[in-house]
Amino acid sequence: MTMKDRVAIAGASTTGFVAKNSGRTQASLAAEACVDVIRNCGIIREDIDGLCGSWPSTSALQSVLGIPEVTWFGNPVIPMVDHVATAAAAVHAGLCEVVLVYHAAYRAPWNSGSALRDPFRRIATPGLSDPQPGPDTMANAVGYTGWASRYMYEYGVAREDFGLVAINARSNAAQNPAAAMREPLSMDDYLNAPMIREPLCLYDMDPAVDGADAFIVTTTERAKDMALPPVLINAAVLGQVRHNEEDQTVSLRQNGQQVVVETLKGKGDFWIDDIDLYFPYDGFTPITLNWIDNAGWCKPGEAGAFLRQHWVAEENRAVINGRIPINPHGGSLAEGATQASGHLREAVHQLQGLAGDRQVTDAKRALITAGGFFFNAQGITLHRM
């Protein structure tokens, strides 16, 4: 990992998220987060020579922000570890020095029924002028339903294990003013929620939201001269296996998650025994249980039991060994479907001591395992100087 600790995240900003129509465009949300992070880092737009984001396009955002010129830009696919890793690689390669990384989550026709009925949002979605649901496949939400059923069957666990993930997220989000879903959630609430696709209910899936996050990625030396404490990138990996389609993946134990875990352990300087913050992806609750299993916190299938072992009843959440929170910002299930930009932003803020009421005392190291089982499994380890 030749770029180990040589590239840093200098700052992170957010607009906050709402699970309703914000009345704004993706470009305006992204621009707000970008302007904030630029100011917070103590730089100006002329300092930026790289752009990395998916929505809106880099060309559109450059125009909106009035950035004179860049020497590199990238449009990776989500989740957002991909964006940070790609930007870091560009910085390390010398293609640019200061990259503005951004992501605007948006309640679009593909992830929100109410957005699908909104003519403005429907026509604003490329390739979707009318509702075109198509036949059921093993892709997307249907695939996660299959994996949830497989997890329950293979390990003999009940839906309550998924419920613990959802409850933990809501309890943590209560301390996060940027979160869309901050109301308390009980196990009864979870078990009585509307079933979407058996065995996954309403609270097993992250809510579509409007909002944006932005980051500054630069060399460690340049970050030292900026206004906030640098957060160093120790290792990063994007994991993929040959059978990466939902209906072709071999098993719970042979997918992109294992690639991420083994590669990060080999390339990085620390693992779960030395971290203060853990951010497993939670776009769907079964993803989180699999990440906990595969990261080595417990044996396969024991993630639910692991959460119960570390459950703090008075806080209604899990705190590993009494000190390590799991998605302290509420994750995708409660902050909203940020495609992991929220996980990354919270990690940066925690390591910079900027997490407010949910700040973990003396947080030094964070592990983010983003994405799902298949082509989009990702991981990154961060630490403060």
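Near F17, once Lys and Arg are set to +1 and Asp and Glu to -1 for all other residues with Cβ below 13 Å from its Cβ, the sum equals -1. Compared with the alpha-carbon gap, the fully stretched path from R117 to L191 is longer by 23.8 nm at 0.36 nm per residue. In the range 231-383, taking the dipole from charged Cβ atoms about the Cα centre, the farthest positive-side position among L289, A366, S341 is held by A366. Of the GluC sites (Glu not before Pro) found in the range 41-105, the ones in coil according to DSSP and having at most 11 other Cβ atoms within 10 Å of their Cβ are E69.
Once the Cβ-Cβ distance of N75 and E46 is raised to the sixth power relative to R0 = 22 Å, the FRET efficiency obtained is 0.45.
Coupling constants for the range 311-328 follow from the phi torsions by the Karplus curve (6.51 cos²θ - 1.76 cosθ + 1.60, θ = phi - 60°), and in residue order they are 6, 9, 4, 5, 9, 6, 7, 9, 10, 5, 6, x, 9, 10, x, 10, 6, x Hz; glycine and proline get x. By the scheme Lys and Arg +1, Asp and Glu -1, what is the net charge of all other residues having a beta-carbon under 12 Å from that of G371? It works out to a net charge of -2.
Our summary gives the chain a relative contact order of 25 percent, counting only alpha carbon pairs under 8 angstrom and 6 or more residues apart.
Cβ-Cβ distance of K4 and A227, R₀ of 25 Å, FRET efficiency by 1/(1 + (r/R0)^6): the value works out to about 0.55.
Looking at the range 288-385, the GluC sites (Glu not before Pro) that sit in a DSSP loop and have at most 14 other Cβ atoms within 10 Å of their own Cβ are E314, E315. Projecting label points 7 angstrom from Cα along Cα→Cβ for K20 and N321 puts them 4.3 nm apart.
A viscosity of 0.890 mPa s and a temperature of 25 °C, combined with the Kirkwood radius over C-alpha pairs in the Stokes-Einstein formula, give the range 176-234 a diffusion coefficient of 157 µm²/s. Charge tally for G239 (other residues, Cβ to Cβ under 14 Å; Lys, Arg +1; Asp, Glu -1): +2. Using Cβ point charges alone (K and R +1, D and E -1), the dipole size of the range 160-313 about the Cα centre works out to roughly 340 debye.
Label-to-label distance, L202 versus S57, with points set 7 angstrom from Cα along the beta-carbon direction: 3.8 nm.
Among the GluC sites (Glu not before Pro) within the range 210-281, those in coil by DSSP and having at most 13 neighbouring Cβ atoms inside 10 Å are E245.
By DSSP, the beta bridges lying fully in the chain are antiparallel in about 75 percent of cases.
Within a straight-line Cα-Cα reach of under 17 Å, K4 can be paired with the following lysines, leaving aside sequence neighbours fewer than 8 residues apart in one chain: K224, K265, K267, K364.
Label separation (E154 vs W311): 2.4 nm, computed from points 7 Å beyond Cα along the C-beta direction.
Rule-based calculations on the coordinates, nothing more; no lab input. Please read all numbers here as calculations on a predicted model, not as lab measurements. Methodologically, a virtual Cβ is constructed for each residue, glycine included, from the backbone with ideal geometry; neighbour enumeration extends over all protein chains shown.
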